[in-house]
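Remarks on the structure that follows.
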Amino acid sequence: MTQGQRGGRAVQAAERRAAILAAAREVIAERGYRGVSLGAVAERVGITQPGLLHYFPSKEHLLVAVLEARDRWDTAAFLAGGSQSWRLSHLEQLVEYNATRPGVVQTFAALAGESVTGGHPAREYFVERYAQARGRLTELLRAEFGERLAGGRTPEQVAPLLIAVLDGLQTQWLLDPEAVDMAASFQDFVALLGPAGGTAD
């Protein structure tokens, strides 16, 4: 096989993988997390289920790939204005945006819960994602508030709490969307952190 043929097959594989992820997003949006099946995704792409398994060996692997792609899209979309790093305003916009895509939020919440079990296909994704999120949010909080936030807490101390608020609000909203306004509640939490650029102690 020539190098050109190998390159052509790689491009075809990447395109097929992207088509599968796009189909999975559509199915998630229409049916929610529990309604996703490999058969439904394969049918939408126009391939067999064994063909889909060539790219993603299980439903969990496919859904993790959807979440990884979502992370990349969100970062590209919210940093498109030229900013080199996330700001609290970006997080507020992201919370509002997530309220328009309950299927993906449901997938994230469900897989996050399942991933705490040993050997789950999503475990590595969530361990790495939360580690990266703690680091990035520490930088974000330091840029917004300085070395100390309300109560004298450091950005390193508050970053895990910020993640807990984001994930906890998503869970409450999924369970009772009429009672929980994610965007408003997150803005209320941000107000508790202290004035931007402050050194509260």
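The residues on offer are Glu139, Glu144, and the sole one that is surrounded by fewer than 18 Cβ atoms within 10 Å (Cβ to Cβ), charged (D, E, K, R) and either outside the structural domain of Ile163 (by TED's automatic domain parsing) or under 20 Å from Ala159 (Cα atoms) (or both) is Glu139. Across region 28-64, the qualifying residues are those that are of a type in the set (Ser, Thr, Tyr) and in contact with a helix residue (DSSP H, G or I) (Cβ under 7 Å, 6 or more places away or on another chain), and the one among them that is surrounded by the fewest Cβ atoms within 10 Å (Cβ to Cβ) is Thr48.
Would you check which residues across region 113-160 are in contact (Cβ under 8 Å) with a residue 24 or more places away in the chain and of a type in the set (A, V, I, L, M, F, W, C) and list them? Those that are in contact (Cβ under 8 Å) with a residue 24 or more places away in the chain and of a type in the set (A, V, I, L, M, F, W, C): Ala122, Ala133, Leu137, Leu140, Leu141, Ala143, Phe145, Leu149, Ala150, Val158, Ala159. Residues that are in a helix (DSSP H, G or I) and touching a residue at least 24 places away in the same chain (Cβ under 8 Å) occur in region 37-45; there is at least one.
Matching residues to (1) closer than 19 Å to Leu166 by Cβ; (2) at pLDDT 90 or above; (3) of a type in the set (S, T, N, Q):
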position: Lys59; (1), (2), (3): no, yes, no
position: Phe78; (1), (2), (3): yes, no, no
position: Ser85; (1), (2), (3): yes, no, yes
position: Ala99; (1), (2), (3): yes, yes, no
position: His120; (1), (2), (3): no, yes, no
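The criterion of at least 3 residues that are among the charged types (D, E, K, R) is met by the following helices (runs of 4 or more DSSP H) wholly inside region 59-138: 59-78.
One residue alone among Glu139, Glu144, Glu114 is within 27 Å of His61 (Cα to Cα) and modelled with pLDDT under 95, and that residue is Glu114.
The values are calculated or read from the model by the stated rules, or taken from the named source; none is laboratory data. Bear in mind the structure is a predicted one, so any value in this text is a computation, not a measurement. Backbone-built Cβ (ideal geometry, glycine too); neighbour counts: all protein chains shown.
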